[in-house]
Every structure is written in C-alpha cells, then in structure tokens.
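Contents: one structure, followed by commentary.
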There are 2 protein chains.
Amino acid sequence: MRLSRSFLPTLKETPADAQIVSHRLMLRAGLVRQTASGIYAWLPAGLRVLRRISQIVREEQDAVGAQEVLMPTLQPAELWKRSGRYDAYGPEMLRLTDRHERDLLYGPTNEEMITDLFGQSVSSYRALPQTLYHIQWKFRDEVRPRFGVMRGREFLMKDAYSFDADYAGAVASYRRMMLAYLRTFQRLGVKAIPMVADTGPIGGELSHEFIILAPTGESGVFYDGALEEQDWLGQPVDIDDHASLEAFFERMTSFYAATDEKHDEAAWAGVDPSRRREGRGIEVGHIFYFGTKYTEAMGVSVNGADGQSFFPEMGSYGIGVSRLVGAIIEASHDEAGIIWPDEVAPFDAVILNLKSGDPACDALCERLYQTAPDRLLYDDRPDRAGVKFADADLMGHPWQLVVGPRGAAAGVVELKRRATGERTEHSVEDALSRIGLGS
Amino acid sequence: MRLSRSFLPTLKETPADAQIVSHRLMLRAGLVRQTASGIYAWLPAGLRVLRRISQIVREEQDAVGAQEVLMPTLQPAELWKRSGRYDAYGPEMLRLTDRHERDLLYGPTNEEMITDLFGQSVSSYRALPQTLYHIQWKFRDEVRPRFGVMRGREFLMKDAYSFDADYAGAVASYRRMMLAYLRTFQRLGVKAIPMVADTGPIGGELSHEFIILAPTGESGVFYDGALEEQDWLGQPVDIDDHASLEAFFERMTSFYAATDEKHDEAAWAGVDPSRRREGRGIEVGHIFYFGTKYTEAMGVSVNGADGQSFFPEMGSYGIGVSRLVGAIIEASHDEAGIIWPDEVAPFDAVILNLKSGDPACDALCERLYQTAPDRLLYDDRPDRAGVKFADADLMGHPWQLVVGPRGAAAGVVELKRRATGERTEHSVEDALSRIGLGS
C-alpha cells in the first residue's frame with residue numbers, strides 16, 4: 001500500500017483521554033477511532049491486525065476439531081427466558097424492542113442460542129462430540145468504558161461451545177480447548193497464563209482464565225514463571241486420546257497459577273521464590289465446563305445408545321479478539337511506539353523513501369514495493385526523513401527498508417529490525433530475502 | 001471434514017414457511033437456521049459460502065484501490081441528527097437506548113459515520129481520492145421479513161464510500177466501482193445487470209442498481225440480453241485513466257437496461273426483439289453518486305490547492321453479501337438441490353463411501369480425503385448409498401468422488417459433475433487432478 005494514498009492517519013499528540021499505553025498507541029498509530037463511548041471503528045491498519053489475530057484463532061480452533069458457525073448479533077429475549085438468565089443478567093445486557101414490540105437483546109454471549117441450535121439439529125449420541133465456535137461482535141453495556149478496545153462495549157469475541165455424551169468426554173473437550181488456547185496465545189506472542197478461576201455468571205465447576213500481566217488489570221494474579229517458558233506448539237499431544245490429553249493437562253496444572261479469588265498461600269509457598277510472578281492481570285480468554293446446566297434448563301436432550309434420552313454435557317470457551325489487539329501492544333511496545341510481532345503485523349515491512357522525487361530513490365523503492373504491494377507499506381510521502389522514521393517506529397512495522405540517495409546509487413538498502421533497533425546494509429535481493437519476500 | 005463428525009444437518013422435508021426455492025434449499029441443505037424473524041444463524045457449510053463470497057468481493061474492491069475498514073454495528077443518534085436523516089428514516093431503522101439513556105441505532109447504512117471518520121482524519125486535497133469500504137452486519141427492521149436471507153433483517157453487506165476533490169474525480173470513482181461490481185458478479189456466477197435507478201433515501205443524481213432476474217423480485221426490469229454475455233474480467237481497463245474508464249462506461253451503458261420506474265418505451269423499441277429480457281428482478285447491489293450532500297450537511301471540508309476549503313464529492317456503493325448466497329442458489333439449482341459454482345462452494349468435492357466399514361472402500365476414501373481434508377467433505381456415515389447420493393445432490397458440491405467396492409478393488413473412482421450430471425471413471429490420481437487437487 002502506498003502511504004500517500006492510504007487512510008492511515010497518525011497523530012503527533014497524545015490523546016488526552018487515553019489512560020493506558022495501548023489505547024494511546026492505537027489512536028496515535030491510526031488503528032482505531034472512537035465513534036461512541038466504548039465503540040470503535042477499525043481503520044485499515046487496525047483491521048489488518050484484527051483479521052490476522054482472528055485467522056490465528058480460527059486455525060487453532062480448527063486444529064482441535066471445532067467447527068466454525070456464525071450466530072447473529074441480535075437474539076430473541078425468549079431464549080434467555082428459557083434458561084432463566086434474562087432476568088438474572090444485569091444492566092450490562094443491552095435490551096431493545098423491534099417495530100413489532102418484540103424483545104431482543106444484543107448478545108453478550110451465546111450459550112442459549114447455541115444450545116437451541118444444537119437441539120434443533122442433533123437427536124442422537126452418535127453425533128457427539130461436537131464443538132462449535134464463532135467469531136462475532138458482542139455488546140456489554142459497561143458503566144464506564146475505558147482503556148480503548150481493552151474494555152469497550154462493542155467487541156469482537158471468539159466463543160466456542162462443546163457438547164459431549166458424558167463427563168469424561170466433556171473433560172477431554174475442555175482439555176483440547178485449553179491446548180488450543182495455549183497454542184493461540186503463543187503464536188500471538190502474548191504470555192497469557194491459565195489460572196484457576198471462579199465460574200461467575202456462566203456457572204459450572206471447572207474454569208480457567210487466561211491472563212496477561214498488565215498494571216491496569218482487574219485481578220491480582222500469582223503464578224509460577226516457568227509457565228511463561230513452555231513451548232505448547234512443540235508438544236506432541238494426541239487430541240483424540242484421553243490419556244494424552246490428561247498428561248498434557250497434568251503437566252500444565254502442575255505449575256502454580258491463580259487469581260486472588262482462588263489464591264492459596266500454602267501452595268504459593270512451595271513455588272521457587274525466583275520463579276514467583278505476582279501483579280495485576282487482564283483477562284484475554286476464559287474457559288468453562290458447566291455440565292448440563294443449559295441443556296437441562298432448555299430441555300435439550302439426545303437419544304443414548306441404550307435408547308434412553310440424556311442431557312449433553314457442555315463447556316464454553318471465549319477469547320477476546322479485539323481486546324487482544326490492545327493486549328499485544330501492552331506487551332510489545334517502547335517509547336517510540338508499537339512493536340508488532342511478525343505474525344500479526346499489519347504490514348511485513350515499511351519502505352522509507354528518504355528522498356521522494358529523487359529518480360534513483362524512487363526507482364529503487366518502486367522495485368522493492370512491486371515485489372509484494374499487499375504486504376508492504378511504501379512511505380512515498382514528500383515529507384522529511386525524520387517524519388517518516390517517527391511514523392514507522394510509531395506504527396511498529398517489524399522491518400524498515402530504508403532507501404536514501406547514497407544507498408540508491410550503490411544499489412544498497414538499509415534494513416532496520418524494529419524490535420531490536422539493529423540496522424544492517426544489504427543488496428536488494430538479500431534485504432528482501434531476510435524479510436521473507438525473497439525469490 | 002468428516003460428515004459423521006460435522007454439524008451439517010440436512011432436512012428431508014421441505015420447511016412449510018419457506019416460499020422461495022433458495023430459502024427452502026438453504027434450510028434443507030443445512031446452511032442456515034432462523035433464530036428470530038428475519039434473523040439467521042449460519043451453520044458451517046453456509047458460513048463457508050458466505051466467507052468465500054466476502055473474499056471475492058474484498059479482492060475486487062482492493063483491485064480498484066478501495067481500502068478496507070470496519071465500522072461498528074451500533075451508531076450514535078447524534079451522527080444522524082447532523083445529516084438530518086434521524087427523523088427522515090422510517091421505522092426500518094432499529095433505535096435503542098443504552099444504560100445511560102443515550103440514543104443509539106443499529107446501522108442500516110454508514111454515510112454519516114464514514115463522513116465523520118473521514119473529516120476527523122483528512123484535512124487536505126492531497127489525500128484525495130479515497131475510497132473506503134467495510135463488510136459488516138447491518139439491520140433493517142422489515143415489516144414482513146421473508147424469503148430467507150434474501151430479505152432478512154440482520155444481513156451482511158459490503159458498503160464503500162468514495163471521496164473526491166471534484167465532479168470528474170467522483171465520476172471516475174463511480175466508474176471504477178461499476179467495473180469492480182461487474183467483475184465481482186461475474187466471478188460469483190450471477191447475472192447481475194446494472195440498471196439506471198432512482199436514488200431513493202440516499203439521494204444524489206447518478207445511480208445504478210445491480211439486479212438479477214427472480215420471479216419474487218420487487219421491481220419490473222427490462223434489459224438487452226447482450227449484457228449477460230459481456231466478459232468484464234477480460235476487459236483491459238486502466239483504472240487510473242479517466243478516458244479508459246469513460247470508454248468502459250460508455251460501452252456498458254450503450255446496452256439498454258432499466259427498472260420499471262425508469263423504463264423508456266422509445267429506447268426499448270430500439271432493442272433487437274430477440275435480445276429483449278423482461279421480468280421481475282431482485283437487487284444485489286446499488287451504487288450512487290450524490291456529490292456534497294453529506295459532506296455539506298455534516299460540515300466536513302478539506303483545504304484545496306488554492307488555500308480555499310471545499311466539500312469533497314462522495315458516492316456510496318453497496319453489495320448484499322448475505323443476500324447473494326440466496327441469489328446464487330436462485331440462479332443455480334435443480335430439482336435435486338443446489339448446484340454451487342466452483343468459486344463459492346463450501347467444499348470442492350464430496351467423497352461418497354458407498355460401503356462404509358468395507359476395508360477397501362474405507363482405505364481408498366481415506367486416501368482421497370487426506371489429500372485436502374479442509375477442502376473435501378467425506379461422507380463416512382454408515383448410511384445407505386441412496387441417502388448419500390441425495391444429500392450430495394442437495395448440498396450441491398461441484399464434484400462427487402464415488403467409491404464403491406468394485407471400484408475400490410480396481411483402484412478406480414467414479415467422478416460426477418454436479419452441474420451436468422456427467423459421470424466418468426478415473427484412477428485416483430486422475431480424479432484428483434480433474435478437481436484441481438492433483439499433485
């Protein structure tokens with residue numbers, strides 16, 4: 001994309017109402033703009049990040065056998081009356097009425113709807129297990145929306161729901177999803193630690209929150225730093241084998257991790273002091289096993305092998321996709337701006353033309369740009385080099401390809417790695433191949 | 001995907017309340033389920049189609065230089081008060097109030113919001129032209145939602161908005177988008193004819209609707225059948241050259257096409273009678289040029305080259321993405337079910353195991369399946385061959401790979417093309433290469 005023709009509006013000033021660094025940087029780097037309290041429009045660079053995160057989430061859901069669906073944003077109130085949550089859910093639920101005076105709500109979560117859809121279509125134990133997920137916009141009417149997309153009102157979430165014939169199956173589904181989450185967060189480059197948690201309004205008896213350390217977080221957290229070092233992508237877990245899933249789960253839970261609500265001082269005392277991590281954390285995912293709570297309340301049963309009907313066992317599993325954009329920035333930035341991990345960056349690299357209008361610089365930049373116009377941002381503006389360097393650091397592209405008159409004459413490009421600041425000189429081919437665009 | 005483990009619930013009976021063929025087939029083939037009047041959940045096969053259509057729309061928008069953003073579903077009422085449309089828009093607009101008694105609405109369209117976003121970020125003529133688009137769920141509170149996703153209430157739409165410095169630029173943007181639309185519909189395999197149309201509530205002076213023939217359509221249409229034969233993908237139009245765009249546009253508009261509101265009997269008499277097409281049609285896209293209507297009403301101006309500020313000229317451009325799923329089925333089906341065009345099919349092919357449990361059949365099917373598990377549906381259910389054939393025709397996969405005991409013994413696969421019914425026998429390698437999965 002050519003920057004001169006792009007809708008990538010960066011801001012020089014720090015917005016006054018943005019209290020945390022990710023919110024400030026998302027506004028300054030032109031990723032989002034607020035359109036109403038806690039509601040944001042995603043501009044081109046921000047949307048690219050959101051879509052790349054969604055795609056990683058999707059791939060890891062698919063990898064554990066979950067199937068993608070898409071439920072609507074608006075739900076009929078009757079569904080929630082069947083489960084008993086319509087009255088129980090507080091003012092965070094946005095309720096509305098259509099032109100025929102029918103009560104609707106903007107879905108804050110989808111247990112009721114998925115249970116109803118499942119019940120309409122599945123009548124036999126033979127169709128189990130099933131795990132269905134979707135990536136959809138949700139709404140929670142927070143009293144005081146703040147921290148940008150970290151605690152907005154309209155937000156993008158992946159939520160998955162599992163249906164199993166029995167407890168053992170439900171636990172296996174829970175563990176598969178735990179593995180998918182650990183792999184997802186590892187690919188995203190965030191240290192999201194699974195912690196034993198309260199089940200809250202979803203209900204149930206087994207629950208983990210995935211929490212990243214952040215000073216603005218809502219909970220106190222305590223965990224064994226060894227959890228940050230695990231390589232979940234490298235672990236050979238057979239997701240169809242209960243024993244293999246159990247071994248993985250045992251290993252994961254052998255490390256201490258808990259929110260303050262569940263903190264156990266005795267167990268904490270057993271963690272090597274050098275590995276104790278303690279602070280505030282913000283939730284980016286939450287998984288629950290809650291048995292037959294919804295299938296029973298909504299009367300959704302299937303026929304068993306013995307001819308008797310039974311209520312399937314369920315779990316639900318959320319990831320805050322739009323919140324993760326903020327969370328990744330909280331985890332990966334410096335004074336100058338964002339430092340995007342390669343896997344989620346809006347562009348692989350920016351081309352900085354230090355003398356736009358100079359024939360040799362323009363020609364070399366154009367040659368670089370044409371190798372992958374969709375993955376490269378070309379700063380072709382007639383601005384000073386200082387402005388371009390500052391915007392490139394602010395926007396956080398993993399690589400900068402710097403082209404000046406001296407280099408253009410010699411056919412040489414300066415390559416800067418955003419994360420380390422390291423600068424090296426290369427031939428065009430060599431520079432492209434280092435950023436993964438070589439032929 | 002293995003059918004035995006998939007959430008692809010087909011129905012044998014025709015749903016009583018579905019009046020048109022696409023609605024009936026979408027329910028029977030397990031693509032969608034209604035969750036409230038005019039609101040649908042997309043099941044795995046339906047979502048795959050929706051995502052493939054979205055991707056084609058996206059590619060053709062990108063190809064004419066439009067940039068993708070994502071605006072939220074909910075909008076503040078103030079924006080619409082600024083343009084004057086808050087009171088003018090009727091009961092189709094879903095209005096709601098949040099916990100702080102602020103007025104919101106579920107966006108039926110986005111002219112106000114995009115104009116506001118543009119105004120916040122662009123201050124100079126140098127940033128023009130800009131065309132921004134998004135693919136987002138919208139809501140129109142139809143009095144009587146019907147025809148399934150063809151006239152639902154919550155629906156997925158692509159809408160684009162162009163900003164230009166002058167009339168000539170705005171017309172060029174309009175023509176670029178016209179080209180993108182013709183190419184999009186051609187790739188989707190639907191004959192969507194651009195027709196001069198009234199501008200309606202969006203306003204403006206230049207407008208085309210893209211209409212496909214359908215007996216349930218809301219307008220009468222008249223057009224020259226030569227329009228159906230044009231190859232817009234093959235036309236070398238230089239989108240940066242106004243003269244090239246004009247030549248393309250002149251050629252396109254040289255063929256007669258109009259809705260009944262704009263029908264001109266004198267011009268119609270000049271169309272070769274053998275090429276006259278007349279009937280009812282349903283709108284799948286609509287493009288508008290409306291000048292400074294919104295920039296002026298909302299006070300959004302930019303600085304010109306001469307130092308004087310001016311109001312940019314705008315156009316807006318919609319495609320009904322979820323409606324297109326129904327429209328494609330209306331255009332491509334037979335008595336037995338859907339016939340998906342290759343470009344939008346949920347799966348490239350289905351593998352029909354005529355004797356599940358037979359070791360030779362299972363082994364051959366598994367071998368086929370493993371070549372591309374994500375692009376193939378494997379009907380591994382222990383059902384009768386008749387059930388599998390019927391479901392395969394109903395679901396409309398472009399190809400069927402049929403494996404029976406006789407073929408499995410000989411290493412031979414029967415390949416059926418859904419569109420023509422043609423059946424041929426092939427070696428495994430040959431069959432895979434014919435459906436584009438060969439090595």
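The values are calculated or read from the model by the stated rules, or taken from the named source; none is laboratory data. Model, not experiment: these values are computed from the prediction. When we count neighbours, we look across all protein chains shown, and the Cβ atoms used for this are built from the backbone with ideal geometry, even at glycine.
Yes/no per residue for (1) of a type in the set (Lys, Arg); (2) in the same structural domain as B:Asp306 (by TED's automatic domain parsing); (3) out of contact with any Asp or Glu (no Cβ under 8 Å at 6 or more places or on another chain):
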residue: B:Phe118; (1), (2), (3): no, yes, yes
residue: B:Ser123; (1), (2), (3): no, yes, yes
residue: B:Arg126; (1), (2), (3): yes, yes, yes
residue: B:Thr131; (1), (2), (3): no, yes, yes
residue: B:Asp141; (1), (2), (3): no, yes, no
residue: B:Arg146; (1), (2), (3): yes, yes, yes
residue: B:Glu154; (1), (2), (3): no, yes, yes
residue: B:Asp159; (1), (2), (3): no, yes, yes
residue: B:Asp164; (1), (2), (3): no, yes, no
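Out of B:Ser22, B:Ser6, which single residue is among the small types (Gly, Ala, Ser), more than 7 Å from chain A (Cβ to nearest Cβ) and under 30 Å from B:Asp379 (Cα atoms)?
Step by step, each of B:Ser22, B:Ser6 is checked, and only B:Ser22 is among the small types (Gly, Ala, Ser), more than 7 Å from chain A (Cβ to nearest Cβ) and under 30 Å from B:Asp379 (Cα atoms).
Tell me, please, whether a residue that is within 20 Å of the chain's Cα centre (by Cα), crowded, with 19+ Cβ neighbours inside 10 Å and not charged (D, E, K, R) can be found in region A:292-300.
So far as region A:292-300 goes, no, none of its residues is within 20 Å of the chain's Cα centre (by Cα), crowded, with 19+ Cβ neighbours inside 10 Å and not charged (D, E, K, R).
Would you be able to say whether some residue in region B:308-323 is surrounded by fewer than 19 Cβ atoms within 10 Å (Cβ to Cβ), among the hydrophobic types (A, V, I, L, M, F, W, C), touching a residue at least 40 places away in the same chain (Cβ under 8 Å) and outside any strand (DSSP E or B)?
no
When you look at A:Gly318, is it touching a Gly at 6+ places or on another chain (Cβ under 8 Å) and modelled with pLDDT of 95 or more, yes or no?
Values: touching a Gly at 6+ places or on another chain (Cβ under 8 Å): yes; modelled with pLDDT of 95 or more: yes.
So A:Gly318 passes the test.
Is at least one residue of region B:126-135 at pLDDT below 95, surrounded by fewer than 21 Cβ atoms within 10 Å (Cβ to Cβ) and not polar (S, T, N, Q)?
yes
Could you please let me know if A:Phe185 is among the hydrophobic types (A, V, I, L, M, F, W, C) and closer than 28 Å to A:Val69 by Cα?
Criteria met by A:Phe185.
Can you tell me which residue in region B:213-252 is surrounded by the most Cβ atoms within 10 Å (Cβ to Cβ), limited to those that are of a type in the set (Val, Ile, Thr) and modelled with pLDDT of 90 or more?
Per the criteria, the residue is B:Val221.
Within region A:332-339, is there a residue that is among the charged types (D, E, K, R) and surrounded by 16 or more Cβ atoms within 10 Å (Cβ to Cβ)?
no
For the condition acidic (Asp, Glu) and either touching a residue at least 60 places away in the same chain (Cβ under 8 Å) or in the same structural domain as B:Phe147 (by TED's automatic domain parsing) (or both), what is the one hit in B:Glu366, B:Glu343? Give the derivation first.
On the way: B:Glu366 fails: either touching a residue at least 60 places away in the same chain (Cβ under 8 Å) or in the same structural domain as B:Phe147 (by TED's automatic domain parsing) (or both).
Being acidic (Asp, Glu) and either touching a residue at least 60 places away in the same chain (Cβ under 8 Å) or in the same structural domain as B:Phe147 (by TED's automatic domain parsing) (or both) holds for just one of B:Glu366, B:Glu343, which is B:Glu343.
Just to be sure, is B:Asp240 without any contact (Cβ under 8 Å) to a residue 12 or more places away in the chain, within 28 Å of B:Phe311 (Cβ to Cβ) and of a type in the set (Asp, Glu)? Break it down into steps so the answer makes sense when it comes.
Values: without any contact (Cβ under 8 Å) to a residue 12 or more places away in the chain: yes; within 28 Å of B:Phe311 (Cβ to Cβ): yes; of a type in the set (Asp, Glu): yes.
Yes; evaluated as a whole, the condition is true for this residue.
Being under 30 Å from A:Gln120 (Cβ atoms), among the hydroxyl-bearing types (Ser, Thr, Tyr) and crowded, with 17+ Cβ neighbours inside 10 Å: is that true of A:Ser83 here?
For A:Ser83, the condition - under 30 Å from A:Gln120 (Cβ atoms), among the hydroxyl-bearing types (Ser, Thr, Tyr) and crowded, with 17+ Cβ neighbours inside 10 Å - is met.
Tell me yes or no: at least one residue of region A:180-193 is within 20 Å of the chain's Cα centre (by Cα), assigned to a strand (DSSP E or B), crowded, with 17+ Cβ neighbours inside 10 Å and in the same structural domain as A:Met93 (by TED's automatic domain parsing).
Checked against the condition, which is being within 20 Å of the chain's Cα centre (by Cα), assigned to a strand (DSSP E or B), crowded, with 17+ Cβ neighbours inside 10 Å and in the same structural domain as A:Met93 (by TED's automatic domain parsing), region A:180-193 yields at least one hit.
Restricting to strands (runs of 3 or more DSSP E) lying wholly in region A:391-436: which have 3 or more residues that are surrounded by 21 or more Cβ atoms within 10 Å (Cβ to Cβ) and among the hydrophobic types (A, V, I, L, M, F, W, C)?
By residue number, A:399-403.
Would you be able to tell me the number of residues in region A:360-387 that are assigned to a helix (DSSP H, G or I) and within 26 Å of A:Arg51 (Cβ to Cβ)?
2
If a residue must be closer than 28 Å to B:Met26 by Cα and surrounded by 15 or more Cβ atoms within 10 Å (Cβ to Cβ), how many such residues does region B:356-382 contain?
So the answer is 12.
Would you be able to say whether some residue in region B:196-205 is more than 24 Å from B:Met314 (Cβ to Cβ), assigned by TED's automatic domain parsing to the domain that holds B:Val21 and within 24 Å of the chain's Cα centre (by Cα)?
So far as region B:196-205 goes, no, none of its residues is more than 24 Å from B:Met314 (Cβ to Cβ), assigned by TED's automatic domain parsing to the domain that holds B:Val21 and within 24 Å of the chain's Cα centre (by Cα).
Can you tell me which residue in region A:355-389 is nearest to B:Glu59 (Cα to Cα), limited to those that are within 36 Å of the chain's Cα centre (by Cα) and among the small types (Gly, Ala, Ser)?
Per the criteria, the residue is A:Ala372.
The rows are residues; the columns are (1) surrounded by 17 or more Cβ atoms within 10 Å (Cβ to Cβ); (2) in contact with a His (Cβ under 6 Å, 6 or more places away or on another chain); (3) at pLDDT 95 or above.
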residue: B:Val57; (1), (2), (3): yes, no, yes
residue: B:Ala88; (1), (2), (3): no, no, no
residue: B:Met93; (1), (2), (3): yes, no, yes
residue: B:Leu96; (1), (2), (3): yes, no, yes
residue: B:Glu101; (1), (2), (3): no, no, yes
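Can you go through B:Tyr125, B:Tyr174, B:Tyr181, B:Tyr223 and tell me which one is over 28 Å from B:Arg85 (Cα atoms) and touching a residue at least 24 places away in the same chain (Cβ under 8 Å)?
Only one candidate qualifies: B:Tyr223.
Restricting the first residue to region B:253-265 and requiring it to be in a loop (DSSP other than H, G, I, E, B), which pairs with a second residue that is surrounded by fewer than 18 Cβ atoms within 10 Å (Cβ to Cβ) and not small (Gly, Ala, Ser) meet a Cβ separation below 7 Å and a spacing of at least six or different chains?
B:Tyr256/B:Trp268
Please go through region B:158-177 and pick out each residue that is part of a helix (DSSP H, G or I) and of a type in the set (D, E, K, R).
Residues satisfying the conditions are B:Arg175, B:Arg176.
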